[in-house]
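Here's the structure, in structure tokens; my notes come after.
The values are calculated or read from the model by the stated rules, or taken from the named source; none is laboratory data. Because the structure is predicted, anything quoted here is derived from the model rather than measured. A quick note on method: Cβ atoms are made from the backbone with ideal geometry, for glycine too, and the neighbour counts reach across all protein chains shown. All accessible areas refer to the heavy atoms of the entire protein, side chains included, with ligands and DNA or RNA removed. Shrake-Rupley method; radii C 1.70, N 1.55, O 1.52, S 1.80 Å.
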Amino acid sequence: MHGERFTIEIEPEVRLWLESLPPHHYVIAEQKVDRLAEHATTLGEPYSRHLGGKLRELRFDLGDNAQRITYWLAPDRQGGTAMNHAEWKTRRHRALLGEAVEESPEYDRLYEEAELAHDLGQLVYDRRTALGLSQAELAERCGMKQPQISRIEGGGTMPTIPLLRRLARALDADLTIELTPHHAAA
């Protein structure tokens, strides 16, 4: 992790909404908040948008519906909004603080999938913007609809390999898939 980790505070109604999510959607939300906590001032499009002043918007996709959570950065570089808000300590945050964290292979698997979807979405977004293409133009190039591109860029879906090939061709890029042995990954 680079630099300090920001504290994320949420309003009570956001906490209730989070608690109502199915487990696989909750893990996606936690992964996005972990990214925000680690890169609050640098997390950019398509995941975060600066709304002006200290106000920003965290964006993520939970399948069929995009979510937006508005947050702001206080002068002391702590994320959050105001009093009566609860700090959101994600599972990863609790582990970093040395707190006990329950073992959950299913959570770990879902979190890893959310990380991969996020990383892929960032790659697609970066390449599309480098080419000066809109989402609609990219969608047309690969025979898709614009909302499908938006979901991919937002980390809301993991495309199949044939779809990745189409995306790569439409982005004038090569698709490279690697398997790296664990001992060499560190």
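If Arg77 satisfies every condition in (1) at pLDDT 70 or above; (2) part of a loop (DSSP other than H, G, I, E, B); (3) in contact with a Ser or Thr (Cβ under 9 Å, 6 or more places away or on another chain); (4) farther than 22 Å from Leu116 by Cα but one, which is the exception? Here Arg77 meets the rest and fails (1).
Hey, any hits in segment 46-58 for a residue that's part of a helix (DSSP H, G or I) and either open to solvent by 60 Å² or more (accessible area, probe 1.4 Å) or among the acidic types (Asp, Glu) (or both)? The answer is no; no qualifying residue exists. Condition check for Ala130 on (1) under 19 Å from the mean Cα position of the chain (by Cα); (2) more than 24 Å from Gln31 (Cβ to Cβ): one failure, at (1).
Rundown of residues vs (1) open to solvent by 50 Å² or more (accessible area, probe 1.4 Å); (2) in a helix (DSSP H, G or I), yes/no style:
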| site | (1), (2) |
| --- | --- |
| Tyr111 | no, yes |
| Asp126 | yes, yes |
| Gly155 | no, no |
| Pro159 | no, no |
| Ile177 | yes, no |
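When we screen Gly98, Gly143 for residues that are touching a helix residue (DSSP H, G or I) at 6+ places or on another chain (Cβ under 8 Å) and surrounded by fewer than 17 Cβ atoms within 10 Å (Cβ to Cβ), the only hit is Gly143. Going by the conditions given, is Gly63 at pLDDT below 75, more than 23 Å from Gln122 (Cβ to Cβ) and not basic (Lys, Arg)? The answer is no for Gly63. Restricting His93, His118 to those that are modelled with pLDDT under 75 and part of a helix (DSSP H, G or I) reduces the list to His93.
Inside segment 19-45, can you point out the residues that are touching a residue at least 40 places away in the same chain (Cβ under 8 Å) and either surrounded by 17 or more Cβ atoms within 10 Å (Cβ to Cβ) or part of a helix (DSSP H, G or I) (or both)? Residues satisfying the conditions are Pro23, His24, Val27, Ile28, Glu30, Gln31, Lys32, Val33, Asp34, Arg35, Leu36, Ala37.
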